[in-house]
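Have a look at the structure below, then the notes.
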Amino acid sequence: MTVAVAESGSPSDALVQVRDLRTRLGAKLIFDGLELAVPRGSVTAIMGPSGTGKTTLLRHLTGQLRPDAGSVRVDGEEVTTLSRRALFGLRERIGYLFQNSALLTDFSVFENVAFPLRQHARLPEELLRNIVLTKLQAVGLRGAARLMPSELSGGMARRVALARAIVFDPMLILYDEPFVGLDPIALNQVLRLIRTLNRTLGITSILVAHELAAIRQVADSVCLIANGKLVAQGAPDELVHQDSPWTRQFFGGDADGPVPFHYPAPDYATELGFAGARP
Amino acid sequence: MNANLRRNWLVQGIASVGDCGLFFVAVLGALPKSLRYWRETCRQVWFVGAMSLVIVMTCGLFVGMVMALQLYYTLSIFGGTAALGTVVALSLFRELGPVITALLVAGRAGTAVTAEIGLMRATDQLDAMGMMAVDPLAYVASPRFLAGLIAMPLLASVFNAMGIFGGHLVGVTWLGLDNGTFWGNMTSTVSLHKDILDGLYKSIVFGGVVSLIAVFQGYTAPPTSEGVAYSTTRTVVFSSIVILAFDFVMTAFMT
């Protein structure tokens with residue numbers, strides 16, 4: 001089987017460098033020697049079938065989860081061996097958009113976005129207010145600053161979480177499913193925001209997403225992960241037309257291919273009790 | 001129950017106690033950093049303390065009234081009703097005040113703390129704090145632990161005061177015991193060091209135990225609705241057992 005992995009930046013200009021990553025969660029092998037490099041200043045999309053470990057990879061990058069083996073370097077720092085203090089220092093330079101937004105439910109929209117600033121930067125209240133309102137304006141929710149998270153729709157909560165993730169203008173932003181629940185207008189604005197942050201501030205972005213059309217608009221490269229490894233990597237348009245079994249099945253949406261659609265199970269007919277009736 | 005299952009339960013129980021001990025050390029380690037979040041600590045003292053006042057005052061009043069009724073009857077058999085104030089006060093200060101207050105706080109505030117932290121875990125709020133380089137142990141766990149330590153002796157004192165008031169209502173106002181006898185015997189017998197302070201020490205320990213169990217159960221709750229529900233129940237069950245067990249041990253050392 002051919003693995004269509006193209007070179008994506010040498011280790012020297014890579015902000016994120018993953019080498020021989022091995023992770024097992026319970027009985028399931030998630031990563032089996034994953035290799036990945038994300039160039040500084042790029043927008044990289046991580047794609048792959050459900051349950052393949054995309055969110056787990058983001059958790060490795062931020063030190064929320066330690067791998068069984070392998071190396072994870074972010075901005076030259078080995079995340080797997082960092083002390084708690086050093087890890088928190090690194091995280092101050094990383095923005096993270098959670099899959100379910102993870103807004104602090106006791107705080108208003110404004111206070112949610114202001115939270116990282118209040119904790120780490122001693123800014124005058126006026127300046128802090130302006131920064132927060134600027135970020136909320138960028139996601140179109142300046143008018144919702146006084147609302148509580150319980151008053152927001154799923155898409156609005158995601159946009160608030162996005163404003164919070166970018167409030168510190170980090171060097172790296174990790175987006176876990178950023179496009180879920182967004183209406184076409186909000187989706188377009190969020191895509192534009194990701195691209196603007198990347199172009200104007202040079203922020204490196206890693207997106208975990210399934211929306212191919214959105215990814216084609218925003219990502220410089222796509223990393224396709226399956227069976228615990230990087231199976232294909234390249235520009236979105238190239239990858240879609242690449243003739244490998246992985247890309248054909250994934251982008252074609254076929255049930256048959258190297259990625260099984262069905263979770264491992266005993267024979268269907270036997271389980272239904274029809275096995276004996278077969279001629 | 002077979003031997004394997006029993007051994008498994010035993011191992012799990014010991015492992016949980018060990019985990020709770022390690023968590024306690026981590027919370028203590030985060031205490032200096034949590035002083036930065038003193039507003040959060042004040043908010044939690046308000047939540048654990050002030051919001052528990054109604055239940056603590058009401059229960060204290062009725063416990064004092066019931067005690068006075070029962071003890072008046074018992075003491076009257078021996079002709080010792082003059083000691084009613086003393087016995088009510090000693091029972092409250094030394095035992096009932098700290099123990100019942102701790103049980104009430106475990107039921108009211110402990111469960112709420114567990115559910116709150118458990119839901120924060122289930123909705124990734126704790127992870128989000130960690131990702132914003134804010135230590136959830138310092139921001140969430142330690143202020144709640146501190147709040148329990150601070151609020152419990154204050155609540156126990158309020159419980160005792162209401163209990164004595166209840167005892168006075170029944171003994172003096174209702175049953176006709178002499179007011180001077182009630183207060184005079186009490187003040188001449190109850191010792192500040194041996195009775196009142198020992199009770200306060202107990203309530204401080206109970207405050208630490210209840211808040212530690214509540215925070216630990218919330219922090220380690222499985223991120224499901226069932227998991228949070230079980231953890232909340234465990235907070236009440238474990239707190240009640242540990243309070244009564246600690247009470248026995250501390251009483252044995254203090255008498």
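Every number here is computed from the coordinates shown, using simple stated rules; none is lab data. Because the structure is predicted, anything quoted here is derived from the model rather than measured. Here Cβ is always computed from backbone atoms with ideal geometry, including for glycine, and neighbour counts include all displayed protein chains.
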* To do: Starting with the fewest neighbours, write out A:Leu21, A:Leu34, A:Leu127 ranked by other beta-carbon atoms found within 10 Å of each beta-carbon.
  => A:Leu127, A:Leu34, A:Leu21
* Counting Lys and Arg as +1 and Asp and Glu as -1, each charge on the Cβ, what is the dipole of the protein assembly as shown about the Cα centre in debye, to the nearest 20? -> 720 debye
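Mean projection of the alpha-carbon convex hull of chain A over all orientations, in nm²? Don't skip to the answer; put the middle values down first.
On the way: hull surface 73.1 nm².
The Cα convex hull of chain A, projected and averaged over all directions, gives 18.3 nm².
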* Could you tell me the distance between the Cα centroids of the stretch A:92-116 and the stretch A:227-250, to the nearest Å? => 34 Å
* To do: Could you please state, rounded to a whole Å, how far the C-alpha centre of the stretch A:173-224 is from the C-alpha centre of the stretch B:197-227?
  => 43 Å
* GNM, chain A, Cα, under 10 Å: largest mean-square fluctuation among A:Gly228, A:Gly76, A:Gly63? -> A:Gly76
* **Residue-averaged [θ]222 nm for chain B, counting only DSSP H segments that reach four residues, each worth -39500 (n - 2.57)** => -26000 deg cm²/dmol
* Using only alpha carbon pairs under 8 Å that are at least six residues apart, calculate the relative contact order of chain A and give it in whole percent. => 25 percent
* Partner aspartates and glutamates for A:Lys54 [C-alpha distance under 12 Å; skip if fewer than 8 residues away on the same chain] -> A:Asp176, A:Glu177
* Do the sum for chain A: with -39,500 (n - 2.57) for every DSSP H run of n ≥ 4, divided by all residues, what is the mean residue ellipticity at 222 nm, to the nearest 500 deg cm²/dmol? -> -10500 deg cm²/dmol
* Structure fact -> Taking Cα pairs closer than 8 Å and at least 6 residues apart, the relative contact order of the stretch B:70-177 in percent is 43 percent
* Structure fact -> Where a ≥ b ≥ c are root eigenvalues of the Cα gyration tensor, a/c under 1.5 meaning rounded, otherwise prolate if a/b exceeds b/c and oblate otherwise, the stretch A:121-221 counts as oblate
* Of B:Leu75, B:Val105, B:Thr86, which is farthest along the charge dipole of the stretch B:61-153 in the positive direction, counting Lys and Arg as +1 and Asp and Glu as -1 at C-beta? -> B:Leu75
* Hey, which aspartates and glutamates would be in cross-link range of A:Lys229, C-alpha to C-alpha under 14 Å, not counting anything within fewer than 8 residues on its own chain? -> A:Asp20, A:Asp32, A:Glu35
* To do: Identify which of A:Val72, A:Val259, A:Val190 has the largest mean-square fluctuation in a Gaussian network model of chain A, with springs joining Cα atoms closer than 10 Å.
  => A:Val259
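Can you tell me the relative contact order of chain B? Whole percent, Cα pairs under 8 Å, sequence separation 6 or more.
33 percent
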* Asked: Got a sec? How would B:Val48, A:Val208, B:Val54 order by Cβ neighbour count within 10 Å, fewest to most?
  -> B:Val54, A:Val208, B:Val48
* Reachable aspartates and glutamates, given that their alpha-carbon falls under 13 Å from the alpha-carbon of A:Lys135 and they are not under 8 places away in the same chain -> A:Glu111, A:Asp169
* Of A:Ala265, A:Ala165, A:Ala114, the one that fluctuates the most in a GNM where chain A has Cα springs shorter than 10 Å -> A:Ala265
* Under a point spin-label approximation (7 Å from Cα along Cα-to-Cβ), what is the A:Leu133-A:Arg199 distance to one decimal in nm? -> 2.7 nm
* Between the alpha-carbon centers of the stretch A:19-65 and the stretch B:91-110, tell me the distance in whole angstrom. => 50 Å
* To do: Work out the length of the dipole vector of the stretch B:3-254 about its Cα centre, built from +1 on the beta-carbon of each Lys and Arg and -1 on the beta-carbon of each Asp and Glu, and round it to the nearest 20 debye.
  => 200 debye
